[in-house]
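The values are calculated or read from the model by the stated rules, or taken from the named source; none is laboratory data. Note that the coordinates shown come from a computational prediction; the quantities given were computed from them, not determined experimentally. Cβ atoms come from the backbone with ideal geometry, glycine included; neighbour counts cover every protein chain shown.
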Amino acid sequence: MVLSDLKRGESATVLGAEQGMRPALKEQFAALGIRAGEKVTVLCVSPRRQTFLIQAQSQVILAREAAREVRVCRT
């Protein structure tokens with residue numbers, strides 16, 4: 001399962017990045033608190049699921065393409 005599969009209000013634990021994720025994107029995610037073992041919660045999803053507002057260490061807005069790169073497990 002990936003982050004973009006979650007619905008508003010759902011929480012998950014980050015398992016890691018999808019294979020082939022660019023190293024620069026992986027570093028950006030880590031700086032935002034989106035790294036293996038961290039809990040994330042989806043606060044809001046745009047009507048067409050184009051963007052996701054998530055709570056990690058701080059609130060972060062992710063495009064659907066980026067949210068598809070993060071493997072998660074629902075908690």
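The set of residues in the stretch 1-26 being in a strand (DSSP E or B) and at pLDDT below 95 consists of Gly16, Ala17. Of everything listed in (1) touching a residue at least 24 places away in the same chain (Cβ under 8 Å); (2) outside any loop (DSSP other than H, G, I, E, B), the single unmet condition for Gly37 is (2). Note on the stretch 44-54: residues that are over 16 Å from Arg71 (Cα atoms) and either within 11 Å of the chain's Cα centre (by Cα) or among the β-branched types (Val, Ile, Thr) (or both) amount to 3.
Look through the stretch 63-75, keep the residues that are assigned to a strand (DSSP E or B) and in contact with a helix residue (DSSP H, G or I) (Cβ under 7 Å, 6 or more places away or on another chain), and return whichever of them is surrounded by the fewest Cβ atoms within 10 Å (Cβ to Cβ). This residue is Val72. Examine the stretch 54-66 for a residue that is in contact with a Lys or Arg (Cβ under 7 Å, 6 or more places away or on another chain), modelled with pLDDT of 95 or more and not acidic (Asp, Glu), and state whether such a residue exists. Within the stretch 54-66, one or more residues are in contact with a Lys or Arg (Cβ under 7 Å, 6 or more places away or on another chain), modelled with pLDDT of 95 or more and not acidic (Asp, Glu).
Kindly indicate the residue of the stretch 11-38 that is exposed (fewer than 15 other Cβ atoms within 10 Å of the Cβ) and acidic (Asp, Glu) and also nearest to Arg68 (Cα to Cα) among those meeting that condition. Here the residue is Glu18.
The test for being touching a Phe, Trp or Tyr at 6+ places or on another chain (Cβ under 9 Å) and part of a loop (DSSP other than H, G, I, E, B) does not hold for Arg48. Of the numbered criteria (1) surrounded by 12 or more Cβ atoms within 10 Å (Cβ to Cβ); (2) under 18 Å from Thr75 (Cβ atoms); (3) out of contact with any Leu (no Cβ under 6 Å at 6 or more places or on another chain), the one Leu43 fails is (3).
Scanning the stretch 1-10 for residues that are more than 10 Å from Arg71 (Cα to Cα) and surrounded by fewer than 13 Cβ atoms within 10 Å (Cβ to Cβ) gives Lys7, Arg8, Gly9.
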